[in-house]
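Below is one structure, written out as structure tokens, with a few remarks after it.
The values are calculated or read from the model by the stated rules, or taken from the named source; none is laboratory data. This structure is a prediction, so every number in the text was calculated from the model and none was measured. Backbone-built Cβ (ideal geometry, glycine too); neighbour counts: all protein chains shown. When the accessible area is computed, the model is the full protein with side chains, heavy atoms only, and any ligands, DNA or RNA have been set aside. Shrake-Rupley method; radii C 1.70, N 1.55, O 1.52, S 1.80 Å.
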Amino acid sequence: MNIVVCVKQVPDTSDPDTEVHIDSTGRGVDQSKFSFVINEADNYGVEEAILLKEKHGGEVVIVSIGPEAANQVIRMALAKGGDRAIRLEDEAFAFSDVYATAKILQSAIKDIEFDVVMTGCMASDDGYAATGQTLAQLLGVPHAAYVKSVEVIDEKTLKVGRELEGGLLEMSEIKMPCVLTIQTGINEPRYASFKGIREASKKEIKIMDLAATGLSSDEVGENGSLSVLKGYSMPEVGELAEILEGDASETSTKLATILKEKGLV
Amino acid sequence: MNEIFVLAEHRQGELREVSLELLTLASKLGPKVTAVLLGSGVDEFANKLASYADRVLYVDDSMYANYVCSAYQAALSELIKKEKPGLVLIGNTGQGSDLIPSLAVELGCPFTTDVISLTLEGDKPVAVRQFYGGKINGTIEFKDAETYLIGVREAAVPAEELGKSGEIQKIENPITTEITVQKFLEYVEAAVGEVDITQSAMLVAVGRGIREDKNMPMMEELAQVLGADLAGSRAVVDAGWLPPDRQVGISGKTVKPKLYLAVGISGAFQHVTGMKGSELVVAINKDPDAPIFQYADYGIVDDLFKVVPALIEKIKELKG
Ligand SMILES: Cc1cc2nc3c(=O)[nH]c(=O)nc-3n(C[C@H](O)[C@H](O)[C@H](O)COP(=O)(O)OP(=O)(O)OC[C@H]3O[C@@H](n4cnc5c(N)ncnc54)[C@H](O)[C@@H]3O)c2cc1C
Ligand SMILES: Nc1ncnc2c1ncn2[C@@H]1O[C@H](COP(=O)(O)O)[C@@H](O)[C@H]1O
């Protein structure tokens, strides 16, 4: 079973020190202080692909659009069991929307004989939750989004569970080749072993620029997009919480007193 | 713009509220509004939708009894090609979000997802959506096209009674071939646990900020001295620190306790959806910009590893 996994390097937004500031262009954010990690859902995608490979054989190919620094998340996916990788990078890719991004991914994937392409269900930075479904349509294959369980039925068929509101699982069958967008919590992502990390440094990361994709500059970036991010703005915030000031001893005393006054303690 | 299509969503025999929210939004944009319904045995839904739309276009066929992307996409692309609405609104739900991108690409329509506010400038939509877990907003515009497709976030706009009496048009199924690439099997309900957090009077909700499983006992102690139950964000459930039935949010439970004490939770919209109806919300988070503070009555901006132990002691003292 040949599986392609799309991984994106994203800023670590769970780190309290990751501050998001709009840059001077108004269309970007200041990335200078970010620490980068693999997108959370993509980490589960990598694990699911490796689990399937361990059970059914085949190859796992990691694909990422991103700068050289993204090699770090790619290497980690290779260390866990990915076989080879493709990284796409070109200045012309900047300001690509979901559609253009999916075209770039498709250019790398179309020549691979895949059974399944996995993406994360959502990237934590832009949160479109749309790239996998878009890619499926470009590849001309069916897809299932928010996948929380995968079972191989036969050579051509998977049984998948899509997670809906309230945690309800929608079970269905889907024919391969197909695209699955993987939801967090589907498995327990492993840590890379030292041996894996050593071996990963020898595995191939093929670099593709615009010319290598076979796409023209009109097909990527803002020109190749259907939607355009005009600019970022700070959200209008409603009434903010009353912040209790002081050190931990003071704030905890204030909070305990409030809870007591409200009859909750 | 000639008209706006709104896709009605139903599941397990119920018309979902998001359908009425989107019809409310559409009715404020100006053009004529058509509710589009695919289902099986859904006359009743069509009647209900008629009071929120100028027209209801519906297909009644067993192939639409449950959502299947390939079938829905095939039918909708035929309808949209034929009727050429200027704008199509679909709820950005587990169903809609699955469907929007591939449908849009098939039709060549500009699209975007998870929109929280939408306006029309002439015939073109301008959409606002969140980035970076709700820390900033972005404004999205579109290339010129005949039809635009927009996924609108659930509960972004409250549904209002519109008192319309739209014309109901039941039409032939535009799809005559059988869909074989995908097949619906069944729904599996989320497992129930020993404690029903939707009934809890007080909840201590744990987020990824606690960092490791070994810090859970501290949170258990806080819950215990308060007489509260433990709940958590999806991140904590995914990590296996709490069982799935303790998850609060869009893919977990909706809770309305007297006290919701959120510790190390950022306040992503998917989480907040499940707790914003709580009576009193208190958040402890190191990051002053964490969106959770927008939903809290009281906040402490500090390291939870300092505040929680102190708070446990203070509550013990108060209780004597
Ligand atoms: C389809 C879908 C459905 C989802 N459904 C749900 C759902 O039902 N429920 C849900 O919760 N999420 C859901 N999510 C995930 C959601 O988007 C967020 O990823 C999740 O809520 C984040 O959990 P968190 O706040 O615990 O972690 P993070 O967002 O990582 O936040 C951790 C917070 O801890 C703070 N922190 C770190 N260290 C400390 C410290 N020492 N002291 C104090 N504070 C600290 C940080 O400042 C940060 O704000 C869903 C996502 C998708 C795509
Ligand atoms: N630059 C990228 N490189 C590789 N994969 C990506 C990229 N952008 C998005 N994806 C994939 O698409 C998924 C969904 O992203 P999004 O639609 O932006 O929320 C991510 O989890 C990734 O798997």
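Tallying residues that are open to solvent by 10 Å² or more (accessible area, probe 1.4 Å) and either within 13 Å of chain B (Cβ to nearest Cβ) or within 11 Å of ligand 2 (Cβ to nearest atom) (or both) within segment A:106-118 yields 1. B:ALA201 falls short of the stated requirement of being touching a helix residue (DSSP H, G or I) at 6+ places or on another chain (Cβ under 8 Å) and under 30 Å from B:ALA290 (Cα atoms). Within the bounds of segment A:214-227, is there any residue that is of a type in the set (S, T, N, Q), without any contact (Cβ under 8 Å) to a residue 40 or more places away in the chain, within 14 Å of chain B (Cβ to nearest Cβ) and open to solvent by 50 Å² or more (accessible area, probe 1.4 Å)? Yes - at least one qualifying residue is present in segment A:214-227. Please specify each residue of segment A:29-40 satisfying the condition of being part of a loop (DSSP other than H, G, I, E, B) and surrounded by 15 or more Cβ atoms within 10 Å (Cβ to Cβ). Within segment A:29-40, A:PHE34, A:ASN39 meet the criteria. Just one of (1) closer than 30 Å to B:ALA268 by Cα; (2) at the interface with chain B (Cβ under 10 Å from one of its Cβ atoms); (3) in contact with a helix residue (DSSP H, G or I) (Cβ under 7 Å, 6 or more places away or on another chain); (4) away from ligand 1 (no atom under 16 Å from the Cβ) fails for A:ALA192. It is (2). No other residue among A:LYS175, A:LYS206 is more than 13 Å from chain B (Cβ to nearest Cβ) and within 30 Å of A:VAL60 (Cα to Cα) apart from A:LYS206. Considering B:GLY264, B:GLY274, the condition of being within 13 Å of another protein chain (Cβ to nearest Cβ), at positive phi and crowded, with 23+ Cβ neighbours inside 10 Å is satisfied by B:GLY264 alone.
In the set A:SER24, A:SER64, only one residue is polar (S, T, N, Q) and surrounded by 19 or more Cβ atoms within 10 Å (Cβ to Cβ); that residue is A:SER64. Condition test on B:VAL237, is it closer than 27 Å to B:VAL18 by Cα, surrounded by 24 or more Cβ atoms within 10 Å (Cβ to Cβ) and in the same structural domain as B:LYS314 (by TED's automatic domain parsing)? When the stated conditions are applied, B:VAL237 passes them. Restricting segment A:111-140 to residues that are touching a Leu at 6+ places or on another chain (Cβ under 7 Å) and more than 16 Å from ligand 1 (Cβ to nearest atom) leaves a set whose member that is farthest from A:PRO189 (Cα to Cα) is A:LEU135. Would you say A:ARG190 is within 30 Å of B:SER233 (Cβ to Cβ) and out of contact with any His (no Cβ under 8 Å at 6 or more places or on another chain)? The answer is yes for A:ARG190. Condition (residue is more than 9 Å from chain A (Cβ to nearest Cβ) and buried (at least 22 other Cβ atoms within 10 Å of the Cβ)) applied to segment B:126-147: is it met by at least one residue? There is no residue in segment B:126-147 that is more than 9 Å from chain A (Cβ to nearest Cβ) and buried (at least 22 other Cβ atoms within 10 Å of the Cβ). Please determine, by comparing only the residues of segment B:232-261 that are among the charged types (D, E, K, R) and within 9 Å of chain A (Cβ to nearest Cβ), which one is nearest to ligand 1 (Cβ to nearest atom). Result: B:ARG234. Filtering segment A:67-84 to residues that are in contact (Cβ under 8 Å) with a residue 60 or more places away in the chain, outside any loop (DSSP other than H, G, I, E, B), open to solvent by 10 Å² or more (accessible area, probe 1.4 Å) and of a type outside the set (Gly, Ala, Ser) leaves A:ASN71, A:GLN72, A:VAL73, A:ARG75, A:MET76, A:LYS80, A:ARG84. The residues listed here are B:LYS28, B:LYS48, B:LYS82; of these, the one that is open to solvent by 10 Å² or more (accessible area, probe 1.4 Å) and free of Cβ contacts under 8 Å to residues at least 12 places away in the same chain is B:LYS28.
Being assigned by TED's automatic domain parsing to the domain that holds B:GLY138, on the phi > 0 side of the Ramachandran plot and at pLDDT 95 or above is a description that does not apply to B:GLY94. Being farther than 30 Å from B:ALA310 by Cβ and either open to solvent by 30 Å² or more (accessible area, probe 1.4 Å) or more than 10 Å from chain B (Cβ to nearest Cβ) (or both) holds for only one residue in A:GLY166, A:GLY263, A:GLY231, and it is A:GLY166.
Quick check: anything in segment B:283-301 near ligand 1 (Cβ under 8 Å from one of its atoms), small (Gly, Ala, Ser), in contact with a helix residue (DSSP H, G or I) (Cβ under 9 Å, 6 or more places away or on another chain) and not in a loop (DSSP other than H, G, I, E, B)? Checked against the condition, which is being near ligand 1 (Cβ under 8 Å from one of its atoms), small (Gly, Ala, Ser), in contact with a helix residue (DSSP H, G or I) (Cβ under 9 Å, 6 or more places away or on another chain) and not in a loop (DSSP other than H, G, I, E, B), segment B:283-301 yields no hits at all.
Looking only at segment B:296-308, count how many residues are open to solvent by 40 Å² or more (accessible area, probe 1.4 Å) and more than 8 Å from chain A (Cβ to nearest Cβ). Looking only at that region, the number is 1.
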